[in-house]
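The values are calculated or read from the model by the stated rules, or taken from the named source; none is laboratory data. Because the structure is predicted, anything quoted here is derived from the model rather than measured. Here the Cβ positions follow ideal geometry from the backbone for every residue, glycine too, while neighbour counts run over all protein chains shown. To get the accessible areas, we keep the full protein, side chains included, count just its heavy atoms, and leave off ligands, DNA and RNA. Shrake-Rupley method; radii C 1.70, N 1.55, O 1.52, S 1.80 Å.
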Amino acid sequence: MDALIYTAMSGADRALRAQQVHANNLANMETGGFRANLEVSSTQAVRGAGYDDRHMAQMQASAISTRPGPLQETGRELDVAITGDGYLALHYQNGEAYSRAGAISIDADGALSVGGRALLGEGGPITLPAYTRVAIGGDGTISIQPPGTGDMQTVDKIKLVKAEPGELTKNEAGLIVARDGAPLPADPTVKLRDRHLEGSNVSAVEEMVATMSLNRDFDMQMKMLTASDSMTQAGNRLLGA
């Protein structure tokens, strides 16, 4: 097969896969705390004898945009937003996942969760005792006012983590996880703002521009495939003459 066909075919495949990444970003423009995916690709040599000059584009695990999303004040005491870098730690299967979404829910047993996944504290999932008021401090400390008292008591501290962008990826469920699968350590430098929520960091303009650029790339790859086919047919005619 002609080397040009490898180039055009892999380029078209990369453009299609990259469009899926940007389409998913656009679909999550209104998802609180969502981190946009960044498509990453690299060249890969085609294995086998006689293919030394053939290379293909290979999509890698999407990187994550660390640009902060807009903050919105809600006034709700269980809403938190991270200021600067960092993530909330959530229980996922037998390990941890991380999120910027801070709309904390509490069930009838006092268990805290975000998006249906248990919120982790210093000793595991956080469960609050009976209370009449709750407050979350800037360092993640959770305090409650027990019924019948006027004093606030500290009951737990939200596990807040920080990592370099290259250390994180998204799993098959779309959750942020460490690339090596190991839990990240708590980082005391991560700070929260209570009664606020962070929105998605997706830019509709950037995603649309990227999508249009990928459409042009795909059209160009298709033209290359057509040109390669035409050259192959012309070569066959010359050999058969």
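Here are the numbers:
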quantity: Residue-level accessible surface for Asp219, protein heavy atoms, 1.4 Å, Å²; calculated: 90 Å²
quantity: Lysine pairs meeting the criterion (Cα under 26 Å, 8 or more apart or interchain), as found in the chain; calculated: 7
quantity: Length released on extending from Ser203 to Thr226, taking residue separation times 0.36 nm less the Cα-Cα span; calculated: 4.8 nm
quantity: Most mobile of Ala108, Ala89, Ala163 in a GNM of the chain (Cα contacts under 10 Å); calculated: Ala108
quantity: Local electrostatic count at Glu73 - Lys and Arg +1, Asp and Glu -1, tallied over other residues with Cβ under 11 Å; calculated: +1
quantity: Two-site FRET efficiency, Ala108 against Met212, from Cβ-Cβ distance with R₀ of 45 Å, rounded to 0.05; calculated: 0.35
quantity: Amide H partners (placed H, <5 Å) of Tyr92, local residues excluded; calculated: Ala97
quantity: Ellipticity estimate at 222 nm from DSSP helix runs (n ≥ 4, -39,500 (n - 2.57)) divided over the chain, nearest 500; calculated: -9500 deg cm²/dmol
quantity: Residue of Gln19, Gln93, Gln72 that the Gaussian network model of the chain assigns the largest fluctuation, springs spanning Cα pairs under 10 Å; calculated: Gln93
quantity: Estimated vicinal HN-Hα couplings, Hz - the range 154-163 in sequence order (Karplus 6.51, -1.76, 1.60; Gly, Pro = x); calculated: 6, 10, 5, 9, 5, 6, 10, 10, 9, 8
quantity: Highest-MSF residue in the chain out of Thr127, Thr66, Thr226 [GNM, Cα springs under 10 Å]; calculated: Thr226
quantity: Within-15-Å neighbourhood charge of Asn171 [Cβ basis; K, R +1; D, E -1]; calculated: 0
quantity: Distant-in-sequence amide H partners of Thr141 (H built 1.01 Å from N, under 5 Å); calculated: Ile158
quantity: For Phe34, residues with placed amide H under 5 Å, excluding near neighbours; calculated: Ser200, Asn201
quantity: Degrees, to the nearest 10: 204-240 long Cα axis against longest axis of the chain; calculated: 20 degrees
quantity: Dipole in debye (nearest 20) - the range 98-225, about Cα centre, beta carbon charges: Lys, Arg +1; Asp, Glu -1; calculated: 140 debye
quantity: Solvent-accessible area per residue, Å², over the chain with all protein chains present [probe radius 1.4 Å]; calculated: 55 Å²
